[in-house]
Amino acid sequence: MTPEWQLWFKFAERDLAACEKLLEGKLYANACFHAQQAVEKALKGLLLHRGRTAPKTHGLPELYVLLNEAALSPYRDAIDVLNKYYIPTRYPDLIEGDEPSWFSDENEARNALVQAREVAEAVFAVVKP
């Protein structure tokens, strides 16, 4: 049976693939959401790998702090940027005013994918011997 943490990593990889496809379809806000999701699932997978519980949170900074992983410290800013994509991409009643400008910004979505890949790869590398 596959360890649970590996399943979380697999789902993180799927979110990265979804982000790429959404970028191709010019669905930039949705691509940003999947970039955030990829990192969330990677971080939760690492917590599970360490024998910890994956908390019921979508907050990337909270997961980062729980991990206290030195190898991820160069990615703290990226984690903060990616964190902002969870709520407004999913719940229009929770954003203030009009849609954020990055909803239709291809560069923002491409940057989100690059950052998500970097963070996810750094997380995966922590587990590899």
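Does the range 87-104 hold any residues that are without any contact (Cβ under 8 Å) to a residue 60 or more places away in the chain and crowded, with 18+ Cβ neighbours inside 10 Å, and which are they?
The one that is without any contact (Cβ under 8 Å) to a residue 60 or more places away in the chain and crowded, with 18+ Cβ neighbours inside 10 Å: Pro88.
For Lys21, indicate whether it is more than 18 Å from Ile87 (Cβ to Cβ), touching a residue at least 60 places away in the same chain (Cβ under 8 Å) and not aliphatic (A, V, I, L, M).
Working: more than 18 Å from Ile87 (Cβ to Cβ): yes; touching a residue at least 60 places away in the same chain (Cβ under 8 Å): no; not aliphatic (A, V, I, L, M): yes.
Taking the combined requirement at face value, the residue does not satisfy it.
Is it the case that some residue within the range 105-122 is basic (Lys, Arg), closer than 26 Å to Glu4 by Cβ and surrounded by fewer than 19 Cβ atoms within 10 Å (Cβ to Cβ)? Full working, then the answer.
The first filter runs over the range 105-122 and keeps only residues basic (Lys, Arg), leaving 110, 117.
Next, from what is left, pick out any that are closer than 26 Å to Glu4 by Cβ: 117.
Still in the running and surrounded by fewer than 19 Cβ atoms within 10 Å (Cβ to Cβ): 117.
Yes - at least one qualifying residue is present in the range 105-122.
Scanning for something in contact with a Cys (Cβ under 9 Å, 6 or more places away or on another chain), part of a helix (DSSP H, G or I) and either crowded, with 17+ Cβ neighbours inside 10 Å or at pLDDT 95 or above (or both), does the range 44-57 turn up at least one residue? Steps first, please.
Going residue by residue through the range 44-57, those that are in contact with a Cys (Cβ under 9 Å, 6 or more places away or on another chain) are none.
Checked against the condition, which is being in contact with a Cys (Cβ under 9 Å, 6 or more places away or on another chain), part of a helix (DSSP H, G or I) and either crowded, with 17+ Cβ neighbours inside 10 Å or at pLDDT 95 or above (or both), the range 44-57 yields no hits at all.
Inside the range 4-32, can you point out the residues that are in a helix (DSSP H, G or I) and either small (Gly, Ala, Ser) or touching a Phe, Trp or Tyr at 6+ places or on another chain (Cβ under 7 Å) (or both)?
If the condition is that a residue be in a helix (DSSP H, G or I) and either small (Gly, Ala, Ser) or touching a Phe, Trp or Tyr at 6+ places or on another chain (Cβ under 7 Å) (or both), then Phe9, Ala12, Ala17, Ala18, Tyr28, Ala29, Ala31, Cys32 are the ones that fit.
Among the numbered criteria (1) in contact with a helix residue (DSSP H, G or I) (Cβ under 6 Å, 6 or more places away or on another chain); (2) surrounded by 14 or more Cβ atoms within 10 Å (Cβ to Cβ), which single criterion is violated by Lys84?
The single condition Lys84 does not satisfy is (1).
Are any residues in the range 60-75 surrounded by 15 or more Cβ atoms within 10 Å (Cβ to Cβ) and either hydrophobic (A, V, I, L, M, F, W, C) or part of a loop (DSSP other than H, G, I, E, B) (or both), and if so, which ones?
Listed by number, the residues that qualify are Leu60, Leu63, Leu66, Leu67, Glu69, Leu72.
Could you go through the range 62-74 and let me know if any residue there is within 15 Å of Leu16 (Cα to Cα), of a type in the set (Phe, Trp, Tyr) and modelled with pLDDT of 95 or more.
no
The values are calculated or read from the model by the stated rules, or taken from the named source; none is laboratory data. The shown structure was predicted, so the numbers you read here are calculated from the model rather than taken from an experiment. Neighbour counts run over all protein chains shown; Cβ positions are idealised from the backbone, glycine included.
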